[in-house]
Amino acid sequence: SGINVNETSALKYSALYACVRLISESVASLPLHTYQRSENGKERLREHPIARLLRNPNKNMTSYTFREVLMGHLLTWGNCYAEIVRDASGLAVELRPITPDRVRVDVDETGTIRYIVDEQVTLESDEIFHIAGLGFDGIIGYTPITLAKESIGLGLAAEQFGGSFFSNGARLGGILQHPAKLSQEAADRLRESWGNTYSGSNKTGKTAILEEGMSFTQLGIPPDDAQFLETRKFQVDDIARWYGVPPHMVGSMESATFSNIEHQQIEYVTHTLRSWLVRWEQELQRKIYMDEDIYPQFIVDGLLRGDTKTRYESYRVARETGWLSVNEIRALEDMPSIEGGDQFIQPLNMGTVGETEEVDARNWQQPLLTDALSRAKRLQENAERNALKRKGDYYGEWRDKWAREDLPPLIAEIIEPVLDAIEPDADIMNIAKEFIFTERSVEEFAKHVLGGLNG
């Protein structure tokens, strides 16, 4: 392409800058927690010294800025470095980023790694936090900018061509031919006059008027013939491919549809971000934590959340099958906990294999009967509401006849299936009549009925 490409000039290409910015901001914005393995799985350590260090890595940077800077280095140079400052006990107390162009990695014949900074200061391996991208020796990562320099150069060249094309005027670059021989002064004057009249993007499309037998010959390839726009579109996808970023996330919507964008977002997290997050977690574990039972973990749940309907459906399944409580679900939605929300439930037809312990009947009888009585209550209330709307003594007649003779069978029909499951020989009609005129709440009446049936 003839374009000089390095870690700085490459960022002038919008597609590459967008990829680097997207991945850097994604890693920087994710919650990074500290956990300790325990008998119940894991426990979050909010006030552990390393947890505080990751929240404030040094006096000049927030956690977000620190991770964003190091990811920017990693995605352009292929490596990122930070000096580890330790206290007298060896605990890391500060992390100071070092730009990769200042660092040279030296490996001696014993395999010991040392880092030479500015060719003056030598730091041991445990004094440098170093994340390497894909590399040839497992120590130093390839420089993505060097590997992709032709793709980047082609994109930059297309931008330069477009800028030059519009700055010189559309389709008016060429040769002016005059039938006579012109003096140098006349040629310079004609060139200047032509440029002042037709050169520049604001003069594009003006009609040229030629005199004295002059002719104009078009030079160069028009952008349409050179597939200028197609080249620029392809280069965006090409750079996105180098970084494993879905094209729609850097502004290329050619292949994006409403149905596949959500899946591309999930693929971005699982196939692009995950590899970088694992590198961070393992280097933190190796150089900063130095304890097998205490470890860091990025929380990516927020990036994997689907639309509202999909999330709520998954919560329902998790709740009904007994592996998420109400408060755990509310925490995932950034909502405060509620009283009694830490209880777990499971379907009545499920239990531990081989378990023979009898289940308390009230655990399933009470909800079923309460639900049936609630539906019957609504039927009764609707009937009474309609009776009150009628004129004359209709309501009194309803109390004497309808409520005593016609309504009980309808209510009995609703609660009969439940009572048959609980007690097939129950006097359903008497229960229905008693329910019509009871002043108890639905829950209290259900307990009353179950108490009578269970003796």
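The values are calculated or read from the model by the stated rules, or taken from the named source; none is laboratory data. Bear in mind the structure is a predicted one, so any value in this text is a computation, not a measurement. Cβ placement follows ideal geometry from the backbone for every residue including glycine, while neighbour counts extend to all protein chains displayed. Please note that ligands, DNA and RNA were not included when accessible areas were found on the heavy atoms of the full protein model with its side chains. Shrake-Rupley method; radii C 1.70, N 1.55, O 1.52, S 1.80 Å.
For the stretch 420-430, indicate whether the set of residues that are polar (S, T, N, Q) and open to solvent by less than 80 Å² (accessible area, probe 1.4 Å) is non-empty.
Filtering the stretch 420-430 for residues polar (S, T, N, Q) gives 430.
Add one more test, that the residue is open to solvent by less than 80 Å² (accessible area, probe 1.4 Å), and what stays is none.
No, the conditions are met nowhere in the stretch 420-430.
If a residue has to be of a type in the set (A, V, I, L, M, F, W, C), open to solvent by less than 30 Å² (accessible area, probe 1.4 Å) and within 35 Å of the chain's Cα centre (by Cα) to count, how many in the stretch 118-140 make the cut?
Total meeting the criteria: 4.
Does Gly153 fit the bill of being buried (at least 18 other Cβ atoms within 10 Å of the Cβ), at pLDDT below 95 and not β-branched (Val, Ile, Thr)? Write out each step before concluding.
On the way: buried (at least 18 other Cβ atoms within 10 Å of the Cβ): yes; at pLDDT below 95: yes; not β-branched (Val, Ile, Thr): yes.
In short, yes.
Sort through Asp108, Asp101 and tell me the only one that's touching a residue at least 40 places away in the same chain (Cβ under 8 Å), out of contact with any strand residue (DSSP E or B) (no Cβ under 6 Å at 6 or more places or on another chain) and over 15 Å from Lys287 (Cα atoms).
Asp101
Need the failing condition index for Val105 against (1) closer than 22 Å to Leu147 by Cα; (2) within 29 Å of the chain's Cα centre (by Cα), just the number.
Single failed check for Val105: (2).
Can you find a residue in the stretch 301-310 that is open to solvent by less than 90 Å² (accessible area, probe 1.4 Å), small (Gly, Ala, Ser) and either modelled with pLDDT under 80 or part of a loop (DSSP other than H, G, I, E, B) (or both)?
yes
Could you check how many residues of the stretch 250-280 are outside any helix (DSSP H, G or I) and either among the charged types (D, E, K, R) or modelled with pLDDT of 85 or more (or both)?
Within the stretch 250-280, residues that are outside any helix (DSSP H, G or I) and either among the charged types (D, E, K, R) or modelled with pLDDT of 85 or more (or both) number 1.
Quick one: count up the residues across the stretch 427-453 that are outside any helix (DSSP H, G or I) and either in contact with a helix residue (DSSP H, G or I) (Cβ under 8 Å, 6 or more places away or on another chain) or aromatic (Phe, Trp, Tyr) (or both).
3
Against the conditions (1) within 15 Å of Leu284 (Cβ to Cβ); (2) open to solvent by less than 10 Å² (accessible area, probe 1.4 Å), where does Tyr115 fall short? Just the number, please.
Just one mismatch for Tyr115, condition (1).
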